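Below is one structure; the comments refer to it alone.
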Amino acid sequence: MLFARRNVTMASPSDALPGRDEALRPSAPHLVLGTPLTPPFPDGHEQAIFGLGCFWGAERMFWRAPGVYTTAVGYAGGITPNPTYEEVCSGRTGHTEVVLAVFDPTVTSYDAMLKIFWEGHDPTQGMRQGNDVGTQYRSAVYWTSEAQREAALASRDMFQAELSRAGYGEITTELAPAASFYYAEDYHQQYLAANPNGYCGLGGTGVTCPIATGVSTPS
């Protein structure tokens, strides 16, 4: 993205920016779906948090998916509370750019979200995604339940096998429990809907993730 610094070393608590107490909150509903970007979300819906490079293009992948109630972009995985975009791009927050996808598990599945994630970017690139270089572009899955953790790990192993067969290296994706999700500024939300010709540097590997995405209706 336009103001990215090329910092590829993770920030430590001693040199992380202090951030602030006040949280950024989106001021408008989803530009495409018309749904709220912030909780409370409908009962029974699940949340998934993924980092796969520049969040402008990443968010569009998920809002187009069947069964997705809403999406939002933000920052996660780091140290600084309530960071700004400029602070995240400095490499001194520890955060990566992420997408929050809220979905109806009676219509779609977390496995379907994982398939979009793995196939939508190259998870073998470390602190970068294409020409976007920096810690804020690292690949990440932040799970919100034990079931998501198990699914994420299993899907990683399945996709690694396919990537290896296609000549790619090891997956560098960070897999960790979700902590705080900090909403990004209003002008980042659904950016490519507001700016159809805007920048999107994402590109997948062309390798298919052989994950089963069927939906089992909760009992």
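The values are calculated or read from the model by the stated rules, or taken from the named source; none is laboratory data. As the structure is a prediction and not an experimental result, all values here were calculated from the model. Note that each Cβ is placed from the backbone with ideal geometry, even for glycine, and that neighbours are counted across all protein chains shown.
Tabulated data
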{"quantity": "Qualifying residue in the stretch 162-171 (condition: out of contact with any Lys or Arg (no Cβ under 8 Å at 6 or more places or on another chain) and within 23 Å of Gly94 (Cβ to Cβ))", "calculated": "yes"}
{"quantity": "Candidates Val141, Val102, Val107, Val133 - the one that is touching a helix residue (DSSP H, G or I) at 6+ places or on another chain (Cβ under 6 Å) and not basic (Lys, Arg)", "calculated": "Val141"}
{"quantity": "Conditions (1) touching a Ser or Thr at 6+ places or on another chain (Cβ under 7 Å); (2) acidic (Asp, Glu); (3) over 18 Å from Ser180 (Cα atoms); number of the one not met by Asp15", "calculated": "(1)"}
{"quantity": "All helices (runs of 4 or more DSSP H) inside the stretch 22-119 with 1 or more residues being under 22 Å from Ala151 (Cα atoms) and at pLDDT 95 or above", "calculated": "55-63, 110-119"}
{"quantity": "Per-region count, the stretch 122-172, residues closer than 21 Å to Gly74 by Cα and aromatic (Phe, Trp, Tyr)", "calculated": "3"}
{"quantity": "Matching option when the condition is closer than 15 Å to Glu185 by Cα and either touching a Leu at 6+ places or on another chain (Cβ under 9 Å) or crowded, with 21+ Cβ neighbours inside 10 Å (or both), among Tyr110, Tyr75, Tyr69", "calculated": "Tyr75"}
{"quantity": "Residue, surrounded by the fewest Cβ atoms within 10 Å (Cβ to Cβ), within the stretch 3-53, restricted to residues that are in contact (Cβ under 8 Å) with a residue 40 or more places away in the chain and at positive phi", "calculated": "Gly44"}
{"quantity": "Scope the stretch 120-150; condition surrounded by fewer than 20 Cβ atoms within 10 Å (Cβ to Cβ) and either assigned to a helix (DSSP H, G or I) or among the β-branched types (Val, Ile, Thr) (or both); matching residues", "calculated": "Thr124, Val133, Thr144, Glu146, Ala147, Arg149, Glu150"}
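Conditions tested, residue by residue: (1) surrounded by fewer than 17 Cβ atoms within 10 Å (Cβ to Cβ); (2) at pLDDT 95 or above.
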{"residue": "Phe159", "(1), (2)": "no, yes"}
{"residue": "Ser164", "(1), (2)": "yes, yes"}
{"residue": "Gly169", "(1), (2)": "yes, yes"}
{"residue": "Ala193", "(1), (2)": "yes, yes"}
{"residue": "Leu202", "(1), (2)": "no, no"}
